[in-house]
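K.L.:
Sharing a structure with you now.
The values are calculated or read from the model by the stated rules, or taken from the named source; none is laboratory data. Note that the coordinates shown come from a computational prediction; the quantities given were computed from them, not determined experimentally. Cβ placement follows ideal geometry from the backbone for every residue including glycine, while neighbour counts extend to all protein chains displayed.
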Amino acid sequence: MTRNISAENLAALAARRLVARDFLTIVARTRDTGAPVTDNMWSDVGNVTASVVDPDTGLEDSRDFYGSGTLVAISDIPLVANLSVQNVTIQMSQVNDRVEQLVRDYDCQQARVEIFRGLFDPETRQMVAPAECRFVGFVDKIEITTPSENEEGGVTLTCASHTQEMTRSNPDTRSHESQKLRSATDSFYEDSSTAGEWEIFWGSIKGKVPSQPKRKKFLGIF
C-alpha cells in the first residue's frame, strides 16, 4: 500500500540521514471508577516532549513521553489496505516501576493503544516532523513473566487493530422495549411481537399477516 508522509520526512529519507524511534500511548482505566489513565512511553532514554499526529483529528499534538528502558520492542506492523484485523506485540520492561504500575495497578484489558514512528536528524537530534501514527488498536492479551534466577522476564502486550470493532455483532434486539431506550416517543415496533398473529380479510380469503424472513445483519446493523 502507499503511504502519505510529510515533506520533511520524505527529504530525510531521501538523504538517508535519520534515526527512527517508536512512541507509545496507552489509555488504561482505574480499577475502582473506570476513569481513563493515559501513559506515554518511547523507545529511547530520558523523558521528552514530542509532537505526534493525532489519529482521530489528523492534527499535531504535543505529548510527554517517558523513556529509560520502559519500551523494549515493538513487532513489525503490517501495512495493509483492507479491513483485516492486524496484531502487534509490544514488549516492555518487567522491572521498571512505571510499567509495573501500569499493568498491575490499572486495568489495561482492552485499553486503547496508539503507536507512532518519529524520525530524528542524527546531527541536530531533533525530530524532523511530528511522529506519524502507524497503529491504533486495543490490548487483547497481557502476559507478565516473572523470571527465576538468571532468566529473562518482561511484560508482553498483544494488541489487535481497531478494525476488530467491525467484526462485533450487535446484541440489541428488534423490539418495542429496545426502541424506547433510543427514544421514549418512538413506537415503531410497538406491535412487532403480535403483528405476526393478526388475521386479515380480503374478500373470501382470511389468514395471518405474512412476514418476510429475517435478513442477516451487516456489521451488527439491521
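K.L.:
Looking at segment 103-122, which of its residues are more than 17 Å from the chain's Cα centre (by Cα) and either within 19 Å of A50 (Cβ to Cβ) or assigned to a strand (DSSP E or B) (or both)?
P.N.:
Y106, G118, L119, F120, D121, P122
K.L.:
For segment 83-101, which residues satisfy the criterion of being within 14 Å of the chain's Cα centre (by Cα) and not in a strand (DSSP E or B)?
P.N.:
L83, S84, V85, Q86
Residue-by-condition table, conditions (1) surrounded by 12 or more Cβ atoms within 10 Å (Cβ to Cβ); (2) out of contact with any Gly (no Cβ under 7 Å at 6 or more places or on another chain):
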residue: E8; (1), (2): yes, yes
residue: I26; (1), (2): yes, yes
residue: D54; (1), (2): yes, yes
residue: R63; (1), (2): yes, yes
residue: S68; (1), (2): yes, no
residue: A73; (1), (2): yes, yes
residue: Q94; (1), (2): yes, no
residue: D97; (1), (2): no, yes
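K.L.:
Which count do you get for residues in segment 27-53 that are touching a residue at least 24 places away in the same chain (Cβ under 8 Å), of a type in the set (D, E, K, R) and either assigned to a loop (DSSP other than H, G, I, E, B) or farther than 17 Å from D97 by Cα (or both)?
P.N.:
Count: 2.
K.L.:
Then there is this: For Q126, are the conditions met, namely being modelled with pLDDT of 90 or more, of a type outside the set (F, W, Y), surrounded by fewer than 14 Cβ atoms within 10 Å (Cβ to Cβ) and closer than 25 Å to D54 by Cβ?
P.N.:
Criteria not met by Q126.
K.L.:
Can you pull out every residue in segment 28-49 that is among the aliphatic types (A, V, I, L, M), surrounded by fewer than 19 Cβ atoms within 10 Å (Cβ to Cβ) and closer than 30 Å to L10 by Cβ? Show your work before the answer.
P.N.:
Our first condition is that a residue be among the aliphatic types (A, V, I, L, M); within segment 28-49, this holds for 28, 35, 37, 41, 45, 48.
Next, only the ones that are surrounded by fewer than 19 Cβ atoms within 10 Å (Cβ to Cβ) stay: 35, 37, 45, 48.
Scanning segment 28-49 gives V45, V48.
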